[in-house]
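I have placed the structure first, in the form of structure tokens, so that the comments after it can refer back to it.
Read-outs throughout are calculated quantities, based only on the coordinates presented, and are distinct from any laboratory measurement. Everything quoted here is computed from the prediction, not taken from an experiment. FYI the Cβ positions are ideal-geometry reconstructions off the backbone, even for glycines, and counts take in every protein chain you see.
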Amino acid sequence: MLRFRAVRGQNIVEFALVFPILLFLLVMMLEVGRLIYVQIVVTNAAWEGARTGATLSNPARGDAEIVGAVQRAAYGLDPTRLRIDINPTQYEFPRNQPAPYPRGYPLTVKVTYEVELFPFSMKVPISAQATTVMEYQNP
């Protein structure tokens, strides 16, 4: 009887020692999954922005339409953490010319999203980033 209690007590102690490690590993696996999700969404948002910009027929809308396409494609992410860089801007050649834009010129859309890790609200500077280059296409 005494031996049974000692074994049971040993099991509880071992569980108490191993459980925090297993819990930490589980949380980190969830965080890695979230980082992969964010990277996929950011990559898709950059592609959508470049595609929208490459097929614009009205240059007056310019960067606003590209930014709108990126924000719509970044569904589920905080839009205040998105950083969108468009090159060339709507005031540089060939985007400052009347439509249609000359075919073959590249448009680059770079999207960066700052990610905050969940456990303990650590402020680790991790960011998901995607760059898409697409050539202008006449509609």
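Summary of values
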read-out: Sites Ser127 and Arg8, calculated FRET efficiency, Cβ-Cβ separation with R0 35 Å, nearest 0.05; value: 0.10
read-out: Gaussian network model of the chain, springs between alpha carbon atoms under 10 Å - residue of Val18, Val67, Val38 with greatest fluctuation; value: Val18
read-out: Angle between the chain longest axis and helix 2-54 axis [Cα atoms, degrees, rounded to 10]; value: 0
read-out: Longest segment of the chain lacking chymotrypsin sites (Phe, Trp or Tyr not before Pro) that sit in a DSSP loop with at most 10 other Cβ atoms within 10 Å; value: 1-74
read-out: Candidates Asn11, Asn44, Asn87, ranked by Gaussian network fluctuation over the chain, Cα under 10 Å, top entry; value: Asn11
read-out: Linear extension gain, Phe15 paired with Glu135, 0.36 nm per residue minus alpha-carbon span; value: 37.3 nm
